[in-house]
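The values are calculated or read from the model by the stated rules, or taken from the named source; none is laboratory data. As the structure is a computational prediction, the values presented were derived from the model and not from experiment. Counting neighbours? That spans all protein chains shown, and the Cβs are built from the backbone with ideal geometry, glycine included. Keep in mind that these areas ignore ligands, DNA and RNA; they rest on the heavy atoms of the full protein, side chains included. Shrake-Rupley method; radii C 1.70, N 1.55, O 1.52, S 1.80 Å.
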Amino acid sequence: MYKIFGFKPDEKFGRVAEVEFSIPAEGSYAYLLGSFNAFNEGSFRMRRKGDRWTTRLNLPEGVWRYGFSVDGEFLSDPENPRRERYRRLSYKFERETSVAVIRGPGRFFHRPSATYLYSIAGRTHVLLRTRLNWVEEAAVVLGDESFPMERKAGDELFEYFEATLPEKGEMKYHFEIWTKEGGIRTYGPFVARPYKPKVPGWVFSRVFYQIIPDRFDRGLPGRPRGRSFRGERFYGGDLTGIIKRLDHIEDLGVNALYLTPIFESMTYHRYDVLDYFRIDEKLGGYGVFRGLVKALQRRNVKLILDGVFHHTSFFHPYFQDLLKRGEESEYRDFYRVTGFPVVPEEFLRVLNSEEPWEEKYKKLKSFKWNYESFYSVWLMPRLNHENPEVMDFVRKVMNYWLERGADGWRLDVAHGVPPEFWREIRESMPINAYLIGEVMDDARLWLFDKFHGTMNYPLYEAILRFFGRREIEAEEFLAYLELLSVHLGPAEYSMYNFLDNHDTERFLDIAGSPERYLCALAFLMTYKGIPSILYGDEIGLRGNGEGLSAGRSPMIWNPEEWNMDILGVTKTLIRLRKGSRALQVGAFRPIKFEGGFLLYERIHGEERVLIAINYSHEPKELKLPVRYSKIAGRGSVTLHPWSFVILASKK
């Protein structure tokens with residue numbers, strides 16, 4: 001069940017509810033799962049209180065979907081009759097979940113906070129929340145000036161109104177609200193200074209390029225050195241191969257790299273780390289890493305690394321010590337151990353046998369072991385994030401590599417680690433280090449004082465539904481965008497946006513044609529947030545696998561096999577993005593979202609960019625505003641099916 005124990009002010013979301021979730025106590029451990037952590041174990045561990053498992057969260061108001069995991073098994077809330085099917089294409093989740101409705105008192109709400117009053121790029125945003133279908137119109141009043149508010153978004157419970165003003169310092173203001181019942185309400189006054197996001201300044205002008213080193217290119221001679229599983233499918237890419245291809249990267253126009261893990265491990269993907277202080281010898285080792293860092297710095301290309309701190313490898317020395325010494329190990333509290341011995345003798349016998357690895361792996365999966373792990377994969381034991389020694393360890397690793405040339409971190413399975421852990425980590429990081437977390441659903445609990453941004457899976461969800469699966473029309477797509485904007489506030493501008501990554505299908509495969517893919521890419525490069533592309537997207541690389549490995553194809557370096565149209569348009573879009581402050585930090589003004597047609601502006605000062613995307617079978621005639629008709633040299637343009645037009649004006 002869930003119980004609300006009251007509401008309190010919050011500097012990020014204006015007001016939050018203290019909510020207790022509980023379930024009858026069965027099993028050896030339990031976690032709370034929900035849309036607030038992508039239904040992932042690890043972040044919200046429950047405590048046994050009498051005959052119940054319980055935990056408390058501070059949640060923003062709204063409708064949340066949730067469930068429980070008891071000994072790794074998913075359960076809906078047996079004491080809450082309200083359930084619904086919850087589906088997310090973005091991380092392939094679909095099941096019946098319980099529903100929690102969190103709504104505080106009052107028909108309208110505002111409190112100066114990061115998502116209700118903030119300044120960015122020379123303008124100030126003011127938001128007001130009201131009950132559904134209650135307000136006709138609203139205005140925010142500063143002294144003698146009244147600024148009309150536009151309805152921005154709505155959800156199951158609320159509507160949100162927004163006014164955008166020239167940037168303000170400390171301000172005294174109130175609201176005037178015209179209700180549908182015919183009355184006028186005055187709400188306020190408020191006196192506050194708008195929140196300003198604390199994000200490294202270099203981030204906004206970047207376009208990221210994600211690389212799986214093993215799948216990119218090989219530069220080292222001879223056979224790769226280092227430990228690996230027999231039968232693991234390595235393609236042999238390494239850091240020298242990345243250095244070798246920096247001209248391609250620079251010519252493409254991207255100016256930031258995100259590398260999936262590069263530390264010593266036994267798999268090609270390296271999400272099972274053996275040594276966090278050692279660059280994998282199979283990738284070239286530390287010397288080659290230093291060469292890569294220097295080469296990137298000469299080209300003004302930033303570098304973020306992938307930090308796997310939800311779990312380690314089974315073969316990490318700390319976990320091996322735990323296996324050997326059991327309860328006497330100094331690392332017994334470093335991992336989430338549920339009993340001793342950690343694994344049965346038969347498990348170790350099979351592990352150390354000479355059986356073929358595929359047969360061995362199947363047998364190992366059938367055993368019961370006494371530790372928590374990433375999605376019940378025995379190879380990846382979960383760390384105990386309540387242990388201060390684990391936090392010290394993570395802090396040391398992250399700072400170690402920042403001091404040696406990295407510019408930031410992407411944190412793997414961030415939603416499987418308590419948010420408070422990341423808050424303390426953030427406090428010990430340099431202010432110019434960009435921190436993004438992997439949070440595959442609603443990211444609000446992980447932003448502002450934890451991460452500068454997260455991998456923007458909610459945006460990816462909307463992109464999949466409109467550009468990918470074509471399940472929704474432009475009107476619903478816009479509703480997705482605007483509600484997400486309300487939830488994220490200024491953090492929206494520092495989110496890591498993508499069409500695909502190492503855990504998804506290639507978007508070209510989903511879209512089905514280069515023309516459709518390029519329409520989606522045009523949207524990504526002209527929307528709020530930090531855009532990225534996965535290696536090979538620029539040449540039309542297709543996927544060749546299933547599940548998480550669907551898009552992890554090896555890069556093709558024969559230009560005769562490249563799609564030159566995709567490459568040319570990608571370069572143009574990246575160049576446009578890098579040269580436009582309006583696209584980087586400008587306001588978003590939707591003009592027309594209808595059927596398969598998107599028309600919107602990005603505005604920063606005197607700079608304006610008009611974007612029109614025709615994502616349909618029929619041609620579309622667009623009459624241009626005077627400002628843009630002068631640039632186009634005509635009063636209208638025809639958008640062919642599956643095409644787009646971008647026009648920029650600086651006066």
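Okay, here's what the table says:
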| item | result |
| --- | --- |
| Per-pair calculated FRET efficiency, R0 = 51 Å: Ser513 and Val191 via Cβ, rounded to 0.05 | 0.40 |
| DSSP beta bridges in the chain [antiparallel fraction, %, rounded to 5] | 80 |
| Partner lysines for Lys3 [C-alpha distance under 16 Å; skip if fewer than 8 residues away on the same chain] | Lys49 |
| Rounded to the nearest 10 Å², the accessible area of Glu328 at probe 1.4 Å | 140 |
| For the stretch 564-651, with +1 on Lys and Arg beta carbons and -1 on Asp and Glu, the positive-most of Ser580, Leu599, Tyr615 along the dipole | Ser580 |
| Mean accessible surface per residue for the chain, computed with a 1.4 Å probe while every protein chain stays in place, in Å² | 40 |
| Contour minus Cα-Cα distance for Ser146 and Ala479 (0.36 nm per residue) | 117.2 nm |
| Share, in percent, of DSSP beta bridges within the stretch 250-398 that are antiparallel, nearest 5 | 65 |
| Proximal lysines relative to Lys324, as straight alpha-carbon distance under 20 Å, when same-chain residues fewer than 8 apart are discounted | Lys368 |
| Charge dipole (the chain, unit charges on Cβ, about Cα centre) - positive-most of Pro625, Leu499, Ser376 | Pro625 |
| MRE, 222 nm, helices only [DSSP H, n ≥ 4, -39500 (n - 2.57), over the chain, to nearest 500] | -6500 deg cm²/dmol |
| Calculated FRET efficiency for the pair Glu11/Lys49, C-beta based, R₀ 41 Å, to 0.05 | 0.90 |
| Euclidean distance of C-alpha centroids, the stretch 174-209 and the stretch 273-344, integer Å | 42 |
| Dipole magnitude (debye, nearest 20) for the chain, charges at Cβ of Lys, Arg, Asp, Glu | 1400 |
| Extension gain from Glu94 to Arg278, taking 0.36 nm per residue of separation minus the Cα-Cα distance | 62.4 nm |
| Carbon + sulfur, % of accessible area of the chain - ligands and nucleic acids excluded, 1.4 Å | 47 |
| Separation of the Ala632 and Glu167 label points, Cα + 7 Å toward Cβ, nm | 3.3 |
| Calculated FRET efficiency for the pair Ser649/Leu548, C-beta based, R₀ 45 Å, to 0.05 | 0.55 |
| Cross-link pairs Lys198/Lys650; Lys168/Lys592; Lys571/Lys630; Lys168/Lys196; Lys196/Lys592 - those with Cα-Cα distance over 18 Å | Lys198/Lys650; Lys168/Lys592; Lys571/Lys630; Lys196/Lys592 |
| Charge context of Met1, other residues only, Cβ under 14 angstrom, K/R +1, D/E -1 | +2 |
| Cross-link reach list, aspartates and glutamates versus Lys623, counting only Cα pairs under 17 Å and skipping chain neighbours closer than eight places | Glu594, Glu601 |
| Counting DSSP beta bridges with both ends in the stretch 370-529, the antiparallel % (nearest 5) | 10 |
| Extended-chain gain in nm, criterion 0.36 nm per residue less alpha-carbon gap, Lys198 and Glu346 | 48.0 nm |
